[in-house]
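Everything on this sheet refers to the single structure shown next.
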Amino acid sequence: MRTISQIVDDGAVTPEIDESFNLIKKALKSPFTPNFFRVWVTSPESLKGIWPVMNHILTCGRVGRRLKEMIFVAISSLKGCHYCEAAHHAFCLHIGVTPEQIDSLIKNYTVETSEPKEKAAIDFAVRLAKDSHSSSEEDFQMLRELGFDDEEIMEIIAMSGMSVFYNHLANATKINIDEGFTKIISRK
């Protein structure tokens, strides 16, 4: 039966995978396990690699989750990944990004914020998602002048690359958008 994906049948959840799902829900502060992870039940070895990378890049580090989620929404919209756009739209709403800011990320792949630093990071990450060869010393210098250090700039680059990778996975597996995400988005 296919409820999680349009092309991949739902897999059986083993106790080990259920334990992983509980860790995912806790780390993402989500009341349910997103379909993005549920589709990988059919390939537990892939799930073992996919989740830790997202967990670490999205929820750890010195760059805040708010900015990372905004980057994820902008890149997902750019790449036409409706699943990731919806999921991270919902996460953005949950952590205080305004509906107007999210609409700008979706329509323009950028946003005006009270923090020019945020806009610069989003614009840099989106540009890298379009062309990873486009980074320059000038970009690093401009981001440094706005208050990012090299470690944070590298986190922004990692977030950009991760977003492209996860958009690829979601698009390739034709994941259905979770009802939980659509409910959050429709309340805005």
Q: State, to one decimal in nm, how far the label point of Asn55 lies from the label point of Asn171, with both points 7 Å from Cα in the Cβ direction.
A: 2.8
Q: Could you calculate the contour length gain from Met1 to Asn22, that is, 0.36 nm times the residue separation minus the distance between their Cα atoms, to one decimal place in nm?
A: 5.2 nm
Q. Under a 5 Å amide H to amide H cut-off, with H placed in plane at 1.01 Å, what residues pair with Ser5 once short-range neighbours are removed?
A. Asn176
Q. Counting other Cβ atoms within 10 Å, which GluC sites (Glu not before Pro) in region 101-188 have at most 12 and lie in a DSSP loop?
A. Glu112
Q.
With every protein chain kept in place and ligands, DNA and RNA left out, what is the accessible area per residue of region 40-182? Probe 1.4 Å, answer in Å².
A. 44
Q | Fraction in percent of alpha-carbon pairs per bin - 5 Å, region 97-178 | A | 3, 13, 21, 22, 20, 12, 5, 3, 0
Q | Full-stretch length increase - Ser46, Asp9 - with 0.36 nm per residue and alpha-carbon distance subtracted | A | 11.7 nm
Q) How far, in nm, would the chain grow between Arg127 and Asp103 when pulled straight, counting 0.36 nm per residue and subtracting the alpha carbon separation? A) 6.8 nm
Q: Check the cysteines of the chain one by one and keep only those with no other cysteine Cβ under 4.7 Å from their own.
A: Cys60, Cys92
Q: Rank these residues by their accessible area, most exposed first, probe 1.4 Å: Ser77, Ser20.
A: Ser20, Ser77
Q. Between region 15-29 and region 107-132, what is the C-alpha centre distance in whole Å?
A. 31
Q) Over all directions, what mean area does the Cα convex hull of the chain project, stated in square nanometres? A) 10.4
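The values are calculated or read from the model by the stated rules, or taken from the named source; none is laboratory data. All values reported here derive from a predicted model rather than from experimental measurement. Note: ideal-geometry Cβ built from the backbone for every residue, glycine included; neighbour counts use all protein chains shown. Side chains included, ligands, DNA and RNA excluded: accessible areas come from the protein's heavy atoms. Shrake-Rupley method; radii C 1.70, N 1.55, O 1.52, S 1.80 Å.
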